[in-house]
Amino acid sequence: MKRRIPLLSVLALVLTGSLAFAAEKPNFSGTWVMDKTRSEGIPPNVEQTMTLAQVEDNLSMQNKIVTPQGDIDIKDSFNINGKEVEFTQKRNDEEIKGKRTSKWLADVSGFESNEEFTVEGGDGQAITQQITRKWVMSADGKTFTVDLSGKTPNGDMHTKRTFVKK
């Protein structure tokens, strides 16, 4: 019994100390530019800049994508609390509405967002899409990646975009 008390005391100290050093949630706030050389599944002539503002578990995004076909301005937000919420994404003059669940990753290096939304296809038919985005911040906070995958009418899609803080 005498050996057990010191062992339990050491174990309690280790556990308490490890809680004190638990990882903090990353803050994605700032202006970020896509690094095409470290991104995958993106046409070579596409530029992307994101301006993010994060307060606790709420992330607001202004995203500008420049393509040869024209610019795309996207305004969106993520509530990273693990609860399903309705969202409205503004894309130029259009609004995309759907449901989204965003939650912090177990290692707290970023978050994952699962969403489902319906858009109108070229033939006027409603098309339902399911998208998963995994945002992961680098340990030094200078870059992050967005791994995007989903099911579209054209099949499965996947891109990985790496962003560098401006």
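Details
- For the chain, with all protein chains in place and a probe radius of 1.4 Å, 52% of the accessible heavy-atom surface sits on carbon or sulfur.
- Acute angle (nearest 10 degrees) that the helix 4-20 long axis makes with the longest principal axis of the chain, alpha-carbon atoms: 30
- Mean separation of Cα pairs under 8 Å and 6 or more residues apart, divided by the residue count, gives the chain a relative contact order of 18 percent.
- Our note on the geometry: Cα centres of segment 92-166 and segment 23-66, 12 Å apart.
- Above-threshold pairs, the threshold being 25 Å between Cα atoms, out of LYS36/LYS165; LYS36/LYS83; LYS97/LYS142: LYS36/LYS83; LYS97/LYS142
- Under the criterion of Cα pairs below 8 Å and six or more residues apart, the relative contact order for segment 69-166 equals 16 percent.
- 3J(HN,Hα) couplings calculated from phi for segment 61-66 with the Karplus curve 6.51 cos²θ - 1.76 cosθ + 1.60 (θ = phi - 60°) are, in sequence order, 10, 10, 10, 10, 10, 10 Hz; Gly and Pro show x.
- Using the average count of surrounding beta-carbon atoms within 10 Å as a protection proxy, the listed peptides 77-85, 26-34 rank, highest first, as 26-34, 77-85.
- Whole-angstrom Cα spans of the chain along principal axes, big to small: 78, 33, 28
The values are calculated or read from the model by the stated rules, or taken from the named source; none is laboratory data. Nothing here was measured: the structure is a model prediction, and the numbers come from that model. Because the Cβ atoms are built from the backbone with ideal geometry, glycine has one as well, and the counts that use them run over all protein chains shown. These accessible areas exclude ligands, DNA and RNA; they are computed on the full protein's heavy atoms, side chains included. Shrake-Rupley method; radii C 1.70, N 1.55, O 1.52, S 1.80 Å.
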